[in-house]
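Please treat every number below as a calculation from the coordinates, not as lab data. Fair warning: this is a prediction, and the values are worked out from it, not measured in the lab. All Cβ positions, even for glycine, are placed from backbone atoms using ideal geometry, and neighbour counts span all protein chains on display.
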Amino acid sequence: MLKSFRYLLLPLSFLFGIILWIRNKLFDKNYLKSSSFNFPIICIGNLAVGGTGKTPMVEYLLRFLKNEYATATISRGYKRKTKGYGLANENTTALDIGDEPMQFHLKFPDVSVAVGEERLEAIPQLLHDRPKTQVIILDDAFQHRQVNAGLNILLTDYTNLYTRDFLLPAGDLRDIKKSAARAQIIIVTKCKHNLSKEERDLIVQELKPASHQQVFFTEILYNNPYHLFTKKETTISHSEDILLVCGIANPKPLNDFLTAHVLTYDMLRYPDHHIFDSRDLAEIKKQFNKITCSNKIILTTEKDGVRLKKFENELKELPIYVLPIQHSFMFNEAETFCDSVSGFIASFDSGR
C-alpha cells in the first residue's frame, strides 16, 4: 500500500521500474543467462520486501517432504557473519548461517540446510556435499534469475496484494508485477479467518492468473508457546501479562492474535533480523521487571528465539517462551497444493 508521504518518491520508483524491466528483458531474451537443473528445485519467494510468510512456507514444505525425500534448503543467510557457501552442522550458530536457516536446522535436523549468496554456485556445492539429496527448496530466491527453478511459489500478503502495491521506494515491491507470471503457484497468505468464497473469487480475478497458474489461500495458525530452553509447552492465559520481544518485518498478525487472547501486553520491537546484544538483554529484563503482575511471561517469535539462544545463562531462569506459527490452507485445498508439489518432484528421476 502507498502511504501519502511516499507519493513524493514515485519518480524514483519509476526509475527503479525501468531498471527492473531492462534486467528482466535481458533474462527473457537470454542476454543474461539463467541456468536450469535436471533436478527438482522449488523456489519460495515474493515480489515485496517484508513478511509474507516465506519462512513458515519453507517449513510447511519441509514437514511435508522430509519423510519422503532427502530434502535440502538453501538460503542467503541474511545478516550472518560469514560469506559464501556454508552447510550447517552440529556446531553451527545463527551468526554462521543467519536466523532463518538456523531455525530450519534446529527444527528439521534431518534436512540439509545450506546458505550462499549465489544460489547458482551453492546448488552444485550442496549436491556435492549431500549427493543423496532429492529435492532442494530455495528460500527467498524469486528475484535470483540466474537459477531457473522448476517450481516457483510466489507469496503475497492478503492485506497488501502485489496488485495494489508500488515499486520501492514509494511502495514495497522489489520486482515488477509482471514477474508474477513466472510463478506456477501463487499463495495469498495471512488471510482473515472468515474469508468467504466470494472474497476469494474477487481476489483471484484481481490477480488474473494464467492458465498454468494455481492460486491458494492460507491463514496463520499459532501453536502452543514453548520455553526457549526447556521446550516445555504452555498455553496463553487471558489473565497473563506479556512482554512481547519482536524483531520481524510484519508483526501485525502477531499483535492481532495477542489482542484477541490477552487483556494487555507490552512490546519491545526491533528491526527485522535484529542481532541482540547485551544492551538489548538489559532492556528486556528492565521492561519485564516493570510488569507488576505476578502472572507474566516473555513471548518471542521463533526467528527472534534463535537469536536469543546465545543468552541462555542470562535468560534460562526467566519465563521466556517462543510462539510458533504455521500456514493453514483454506477452502480444503491443502491436499491439492501438496499434490501439485509431489507431481512436480515426481516428474524428475529422483533415484539418486
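Tell me, how many Å apart are the Cα centres for the stretch 198-229 and for the stretch 55-99?
Going from one Cα centre to the other spans 23 Å.
At a Cα cut-off below 22 Å, give the lysines reachable from Lys178, other chains included and same-chain residues fewer than 8 away excluded.
Within the straight-line limit of under 22 Å, Lys178 reaches these lysines: Lys25, Lys29, Lys33, Lys54, Lys208.
For the stretch 1-48, what percent of Cα pairs sit more than 18 Å apart?
57
Show me the ranking of peptides 186-198, 135-147 by mean Cβ neighbours inside 10 Å, starting with the highest.
Ranking, from highest mean packing down: 135-147, 186-198.
Using only Cα atoms, figure out Rg for the stretch 270-352 and give it as a multiple of 2.2 N^0.38 Å.
Output field value: 1.74.
Per Stokes-Einstein, at 10 °C and 1.306 mPa s, what whole-number D in µm² s⁻¹ belongs to the chain, with the Kirkwood radius over Cα pairs as the hydrodynamic radius?
74
Averaged over every viewing direction, what's the projected area of the C-alpha convex hull for the stretch 170-300? Give it in nm², one decimal, please.
11.5
Give the residues of the stretch 223-238 whose amide nitrogen is closer than 20 Å to a point set 7 Å from the Cα of Glu90 in the direction of its Cβ.
none
Would you mind checking which residues have amide H under 5 Å from Cys43's amide H? H placed 1.01 Å from N; only 5 or more apart, or other chain.
The answer is Leu138, Leu151, Asn152, Ile153.
From the residues Ser294, Tyr265, His238, which one has its Cα farthest along the dipole of the stretch 224-323 in the positive direction, the dipole being from +1 and -1 charges on Cβ of Lys/Arg and Asp/Glu about the Cα centre?
Checking the options against the dipole of the stretch 224-323, the answer is Ser294.
Among Leu161, Phe217, Asn148, whose Cα projects farthest towards the positive end of the dipole of the chain, with charges put on the beta-carbon of Lys, Arg (+1) and Asp, Glu (-1)?
Final value for the positive-end residue is Asn148.
Helix-derived [θ] at 222 nm for the chain: sum -39500 (n - 2.57) over DSSP H runs of at least 4, divide by residue count, nearest 500?
That calculation yields -9500 deg cm²/dmol at 222 nm.
Given charges of +1 on the Cβ of Lys and Arg and -1 on the Cβ of Asp and Glu, with all other atoms neutral, how large is the dipole of the stretch 224-323 about its Cα centre, in debye to the nearest 20?
140
Report ³J(HN,Hα) in whole Hz for each residue of the stretch 160-177, in order, from the Karplus equation J = 6.51 cos²θ - 1.76 cosθ + 1.60 where θ = phi - 60°; Gly and Pro get x.
8, 4, 4, 5, 9, 9, 10, 5, 4, x, 5, x, 10, 6, 10, 8, 6, 4
Per residue, what volume in Å³ does the Cα convex hull of the stretch 224-323 take up?
Enclosed volume per residue, from the Cα hull, is 88 Å³.
Does a label point 7 Å from the Cα of Lys252, set along Cα-to-beta-carbon, have any residues of the stretch 196-236 with amide nitrogen under 15 Å, and which are they?
Of the residues in the stretch 196-236, 220 have backbone N under 15 Å from the label point off Lys252.
What's the magnitude of the charge dipole for the stretch 1-149 around its Cα centre, counting Lys and Arg as +1 and Asp and Glu as -1 at the beta-carbon? Answer in Debye, nearest 20.
Magnitude of the dipole: close to 540 debye.
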